[in-house]
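These notes concern the structure reproduced below.
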Amino acid sequence: MSSNVSLLGRADTMASSLPLPLYSTAVRAGFPSPADDHLDTELDLHRYVVKRPASTYFARAEGYSMIGDSIHPGDLLVVDRSLEALPGRIVVICVDGEMTVKRLERVGQRTYLKASNPNFKPIPLDGRESQVWGVVTDVIHNLLRALP
Amino acid sequence: MIALVDCNNFYVSCERVFDPMLEGRPVGVLSNNDGCVVARSNELKALGVEMGTAMHLLPPAIRRQAVLLSSNYALYGDMSQRVTEVLGEFSPHVEVYSIDESFVGFQGFDPDSLEARGQAMRDTVRQWTGIPVCVGFAPTRVLAKVANQAAKKHPAYKQHGVCKLTADSEATKALLKQLPVTELWGVARRTGERLSVMGIDTAWDLREADAKRIRQRFSVVQERIVWELRGQSAIQLDDMSLPKKQIMVSRSFGRLTGNPHDLREALRHHAARAAEKLRKQQSVTSAVMVFLRTNPFRTDLPQYQQRVVVSLERPTDDSRDIIASAVQGLRRLWRKGYAYHKAGLMLLDLSPKANRQLTLTETPQTDEEAKRSERLMATMDKLNRELGKGTVQLGLPRKGNAWALRSERRTPRYTTQWNELLVVK
């Protein structure tokens with residue numbers, strides 16, 4: 001079995017510094033290429049993941065309740081507080097004083113927190129004190145870190 | 001119109017964003033090492049705990065009920081930056097006035113739209129950062145400060161947390177008549193006593209006073225307050241810093257500069273001046289906030305504005321410690337490729353020097369010793385300059401000594417350390 005991967009470009013080695021432009025065509029004598037008007041910049045992974053720095057926070061995942069959504073223990077979660085907690089989105093939410101990551105689901109008039117692991121039951125939010133903290137946009141999972 | 005946006009109980013609010021269990025409980029934040037209360041939740045205020053109270057003087061009953069935390073300046077600095085960034089979505093004119101207050105200019109906006117904008121600003125800051133803020137609109141900074149206080153405390157405004165004052169409305173008049181002149185921004189207590197002798201007790205009295213006479217008796221700055229109360233803008237931010245509570249020194253550069261040496265020189269100079277001011281009012285500071293920004297009006301250039309809070313090892317009024325923190329802050333802030341317009345620093349959480357206790361590891365310095373250590377500093381700086389940064393360093397406190405123990409109540413640095421992030425199950 002093979003996976004298709006395509007190379008996107010160079011990673012920005014100086015995080016949060018101003019990326020230097022890379023020229024897309026080799027320098028040639030003669031007429032300038034019209035394509036050079038459009039310079040490629042180094043790819044900044046931080047910018048790719050963090051759309052709104054002011055409202056974006058990182059959190060650390062613990063446990064296996066969201067393993068079906070590829071959230072492993074120790075993974076880094078990118079959480080954006082500016083996004084609306086729509087049903088279907090994975091959120092960081094404070095329930096009865098504890099911070100948890102789960103998928104929001106709406107069944108009829110009721111809202112549930114759903115894990116993506118059959119060993120965890122859905123948690124109805126009715127009658128519990130809860131407050132959405134932010135919406136999880138990305139998971140950063142390191143493949144070299146030894147799994148427990 | 002200009003808005004003053006002020007974060008409610010800022011340090012405590014920052015702590016509550018990451019630990020919702022603190023909601024509704026009396027929470028206090030302690031200054032570094034000496035254990036004075038520098039921030040209080042409303043619940044702690046209700047228990048009668050005053051600002052600046054030394055922790056060991058708190059009654060045991062209160063100590064049992066309250067959550068007392070060591071200050072987490074890395075977190076507060078980062079959250080402060082985020083709040084400012086959100087405000088930048090509403091207007092290009094955002095001026096940082098303290099770690100938890102900013103002035104936001106709304107020149108040219110429809111005055112009737114401002115209350116709705118204020119509400120939106122408040123809601124957005126709350127959603128993006130979790131920090132509750134109050135917003136006061138007025139034609140001048142001094143009145144904006146009054147409007148902000150009303151937004152926070154006055155029954156007519158506090159439900160919405162937004163208050164707009166025009167220069168001549170009945171509402172403005174009523175508020176100014178209730179406000180003791182000493183509670184006005186920029187009026188020191190001693191000035192207040194002298195004003196009282198002249199029959200000026202409230203902010204309204206001062207507004208109605210003869211401006212010329214105020215200048216003759218006091219100063220140009222006091223006269224400007226009179227104009228500001230009347231709704232005529234007269235004060236630049238650099239003229240004013242809240243006496244006793246914080247010290248800010250900042251200047252715009254004559255020309256834009258990307259040179260780190262220029263920035264360092266400017267910050268060293270500002271730090272030295274701030275330290276002088278600090279000693280003059282016989283206070284010590286717990287942390288230094290350093291900030292740096294490009295010119296927001298040069299939209300043709302890449303923009304950058306950032307701040308960082310460097311906490312001091314112990315409360316101090318020593319120029320060397322303050323300058324060193326400023327330079328350390330700059331090292332963390334400076335980025336290549338920007339033309340900087342302004343640099344400055346702010347001394348946070350001042351407390352009277354007299355109250356301050358020596359920590360276990362300290363001994364008092366004599367004049368002779370102080371002079372000797374100054375010579376030592378100069379030599380050290382020279383070596384570091386000529387042989388490279390860090391050639392000679394002062395001994396750093398070891399882990400586990402008295403000082404390190406003193407910050408054991410600090411919460412994780414949720415937003416600035418990879419190994420201290422918020423954990424979610």
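The values are calculated or read from the model by the stated rules, or taken from the named source; none is laboratory data. Since this is a predicted model, take the numbers as computed values, not measurements. Note: ideal-geometry Cβ built from the backbone for every residue, glycine included; neighbour counts use all protein chains shown. With ligands, DNA and RNA removed, areas are computed over all heavy atoms of the protein, side chains included. Shrake-Rupley method; radii C 1.70, N 1.55, O 1.52, S 1.80 Å.
What pairs from B:Lys145/B:Lys353; B:Lys45/B:Lys152; B:Lys45/B:Lys164 go past 20 Å between their alpha carbons? Pairs exceeding the cut-off: B:Lys145/B:Lys353; B:Lys45/B:Lys164. Computed over chain B, the per-residue total of -39500 (n - 2.57) for DSSP H runs of n ≥ 4 gives a 222 nm mean residue ellipticity of -12000 deg cm²/dmol, rounded to 500. Most fluctuating residue of B:Met248, B:Met198, B:Met79 in a GNM of chain B with Cα springs under 10 Å: which is it? Top of the fluctuation ranking is B:Met198.
Please work out the C-alpha center-to-center distance from the stretch B:252-331 to the stretch A:46-117 and express it in whole Å. With the stretch B:252-331 and the stretch A:46-117 each reduced to a Cα centre, they are spaced 38 Å.
Summarising the label geometry, the points placed 7 Å from Cα in the beta-carbon direction at B:Asp110 and B:Arg331 lie 5.2 nm from one another.
Compactness of chain B was expressed as the Cα radius of gyration divided by 2.2 N^0.38 Å, which yields 1.01. Positive end of the dipole of chain B, charges at C-beta (+1 Lys, Arg; -1 Asp, Glu), about the Cα centre: which of B:Trp334, B:Gln246, B:Leu206 has its Cα farthest in that direction? Result: B:Trp334, furthest along the dipole toward the positive end.
Heavy-atom accessible area with a 1.4 Å probe sorts A:Lys121, A:Lys51, A:Lys102, B:Lys353, largest first, into A:Lys121, A:Lys51, B:Lys353, A:Lys102.
Could you give the dipole magnitude of the stretch B:1-162 about its Cα centre, charging the beta-carbon of Lys and Arg +1 and that of Asp and Glu -1, in debye to the nearest 20?
Using only the charged Cβ atoms, the result is roughly 540 debye.
Start at zero, step by 10 Å, and the Cα-Cα distances of the stretch B:168-228 spread as 24, 61, 14, 0 percent across the bins. Once the C-beta distance of A:Arg52 and B:His261 is scaled by a Förster radius of 25 Å, the resulting FRET efficiency is 0.15 to the nearest 0.05. The alpha-carbon atoms of the stretch B:1-99, seen along their principal axes, cover 48, 26, 25 angstrom, with the largest extent given first. Shape of the stretch B:201-359 from the C-alpha gyration tensor: oblate (a/c of 1.5 or more and a/b not above b/c, with a ≥ b ≥ c the square roots of its eigenvalues).
Rounded to the nearest 20 debye, the dipole size of chain B about its Cα centre is 680 debye, using +1 on the Cβ of Lys and Arg and -1 on the Cβ of Asp and Glu.
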